[in-house]
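Here's the structure, in structure tokens; my notes come after.
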Amino acid sequence: MIRINLLPYRAERRQRQILQHISVTLGALGLVILLAVASHIANTMTLSNLKSQSADLVTQDQLLMKKIGKIKDLEKLREDVERKLKLVDTLQHGRFRSLQTLIALSKAIPENVWLTNIVDKGGALQLSGLGESNKAVANFMRSLDQSPLFTNVRLQVISRQQVNGTPVRQFNLLMDRVEASPAKAEKGNS
């Protein structure tokens, strides 16, 4: 059978072109939608990764803040220990200073002089005692004056007394003590 085309060929070509344009447009639109969906998925994954990294950083920050708190506590503890060590050093120095003072007094005192009282007034010492004679007290004062630990030895009072029927001289001395460093005090007493 013979076919007769009742539609003009131009109209048919136009319909094909319209179908091609519609299919190209739909294909392009589908491609744009596909690209938009892919971009959205990529952005969502990136956002998810950034959120997890942010959560990790917050966790690390909290751990670091705890460590910083412990470090501050350690610094306070170190300062407290240093303060206590200084106090111990001061006490040690005072202990050795008293020991040094007694050793220097024992070396300076002659056989015919007896001490009855020693008063420590910080940087000064007040001594009370008995001596066989004025000369014995004077020798004691000279011996104290020659000691590197004492300066400015002064006689306050000397008087005659009887102790168990024996005449003696009762005296009071005042002197200044030279402060030695703690290291010298420890070396001198070792």
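Is it true that Thr44 is at pLDDT 90 or above, in a helix (DSSP H, G or I) and not basic (Lys, Arg)? Judged against the criteria, Thr44 is a match. For region 159-177, a residue qualifies if it is in contact with a Gly (Cβ under 8 Å, 6 or more places away or on another chain) and not hydrophobic (A, V, I, L, M, F, W, C), and the qualifying residues are Arg169, Gln170, Asp176, Arg177.
For Lys51, indicate whether it is open to solvent by 100 Å² or more (accessible area, probe 1.4 Å), out of contact with any Asp or Glu (no Cβ under 6 Å at 6 or more places or on another chain), modelled with pLDDT under 90 and not hydroxyl-bearing (Ser, Thr, Tyr). Lay out the reasoning, then the answer.
Details: open to solvent by 100 Å² or more (accessible area, probe 1.4 Å): yes; out of contact with any Asp or Glu (no Cβ under 6 Å at 6 or more places or on another chain): yes; modelled with pLDDT under 90: no; not hydroxyl-bearing (Ser, Thr, Tyr): yes.
The answer is no for Lys51.
The combined condition, being touching a Leu at 6+ places or on another chain (Cβ under 9 Å) and surrounded by 13 or more Cβ atoms within 10 Å (Cβ to Cβ), is not fulfilled by Leu99.
Just one of the numbered conditions (1) of a type in the set (Val, Ile, Thr); (2) surrounded by 10 or more Cβ atoms within 10 Å (Cβ to Cβ); (3) not in a helix (DSSP H, G or I) is not true of Ile2: (2).
Pairs meeting the criteria (first residue in region 75-94 and surrounded by 10 or more Cβ atoms within 10 Å (Cβ to Cβ), second residue part of a helix (DSSP H, G or I), beta carbons under 8 Å, at least 6 apart or on different chains) are Asp89/Pro182; Gln92/Pro182; Gln92/Glu186; His93/Pro182; His93/Ala185.
The values are calculated or read from the model by the stated rules, or taken from the named source; none is laboratory data. Keep in mind it's a predicted model, so treat the numbers as computed, not measured. No Cβ is skipped: glycine too gets one built from the backbone with ideal geometry, and neighbour counts run over all protein chains shown. Surface areas here come from the heavy atoms of the whole protein model, side chains and all, with no ligands, DNA or RNA. Shrake-Rupley method; radii C 1.70, N 1.55, O 1.52, S 1.80 Å.
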